[in-house]
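Take a look at the structure set out below.
The values are calculated or read from the model by the stated rules, or taken from the named source; none is laboratory data. Since this is a predicted model, take the numbers as computed values, not measurements. A quick note on method: Cβ atoms are made from the backbone with ideal geometry, for glycine too, and the neighbour counts reach across all protein chains shown. For the accessible areas, the whole protein counts, side chains as well, though only heavy atoms, and no ligand, DNA or RNA atoms are used. Shrake-Rupley method; radii C 1.70, N 1.55, O 1.52, S 1.80 Å.
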Amino acid sequence: MNIKDKSVVSFHYTLTGDDGKILDSSEGKDPLSYLHGSKNIVPGLEKALVGKTVGDNVKVAVSPDEGYGEYDSALIQKVPPNAFQGVDQIDVGMQFHAQDPQGNVQVITVTEVSDNEITVDGNHPLAGETLNFDVTIEKIRAASEEELDHGHPH
Ligand code: ZN
């Protein structure tokens, strides 16, 4: 079986930045599963996996425009502390889910804290990075109707 739309694919991966630093890895964990064609993973990696089969090793460098996007300084905002209702203390590095005006949920990261102002960054933590994936395909199967309906594997 080869990877195509409506395949549920499980793979092990190591993600390395251009500086050679390991950013993420499934080593020691279960393989990551995704539903092909449903934008569960970054577009550049999804494209590179089309037609692959179990046991294949795929190495691909994904540019930011096919990864987590270019870094956009317009996504850095300063907000008053009372924008974080129900949170006792705001610290640098904390992450929150926020909704943009279009209703899309994004993750924002606190990058600076002062008494009357909190700086948050709405860029994905890996925005602007080239993503060097080293992937080994572990399992491929057809998605169930329910999985196709939900747009993710179960
Ligand atoms: Zn579901």
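Observations on the structure shown:
- Listed conditions (1) without any contact (Cβ under 8 Å) to a residue 12 or more places away in the chain; (2) within 16 Å of the ligand (Cβ to nearest atom) are all met by Val105, apart from (2).
- When the residues of the range 11-69 are filtered to those that are among the hydroxyl-bearing types (Ser, Thr, Tyr) and not in a strand (DSSP E or B), the one that is least open to solvent (accessible area, probe 1.4 Å) is Ser26.
- Residue within the range 83-97 that is within 16 Å of the ligand (Cβ to nearest atom) and part of a helix (DSSP H, G or I) present: no
- Residue match in the range 121-130 (condition: assigned to a loop (DSSP other than H, G, I, E, B), in contact (Cβ under 8 Å) with a residue 40 or more places away in the chain and within 16 Å of the ligand (Cβ to nearest atom)): no
- Residues satisfying the stated conditions in the range 32-64, i.e. of a type in the set (D, E, K, R) and at pLDDT 95 or above: Glu46, Lys47, Lys52, Asp56, Lys59
- In this structure, Val58 does not satisfy being within 17 Å of the chain's Cα centre (by Cα) and over 30 Å from Asn116 (Cβ atoms).
- Residues satisfying the stated conditions in the range 104-146, i.e. farther than 30 Å from Thr16 by Cα and open to solvent by less than 40 Å² (accessible area, probe 1.4 Å): Ile118
Quick grid of which residues meet (1) at positive phi; (2) in contact with a helix residue (DSSP H, G or I) (Cβ under 8 Å, 6 or more places away or on another chain); (3) in contact (Cβ under 8 Å) with a residue 60 or more places away in the chain:
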| site | (1), (2), (3) |
| --- | --- |
| His12 | no, no, yes |
| Gly20 | yes, no, no |
| Asp24 | no, no, no |
| Gly44 | no, yes, yes |
| Thr53 | no, no, yes |
| Val62 | no, yes, yes |
| Lys78 | no, no, no |
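- Pairs with Cβ under 7 Å, 6+ apart, first in the range 137-154 and closer than 11 Å to Tyr34 by Cβ and more than 7 Å from the ligand (Cβ to nearest atom), second in a helix (DSSP H, G or I) and not small (Gly, Ala, Ser): Pro153/Glu147
- Residue in the range 72-82 that is modelled with pLDDT under 90 and over 23 Å from the mean Cα position of the chain (by Cα) present: yes
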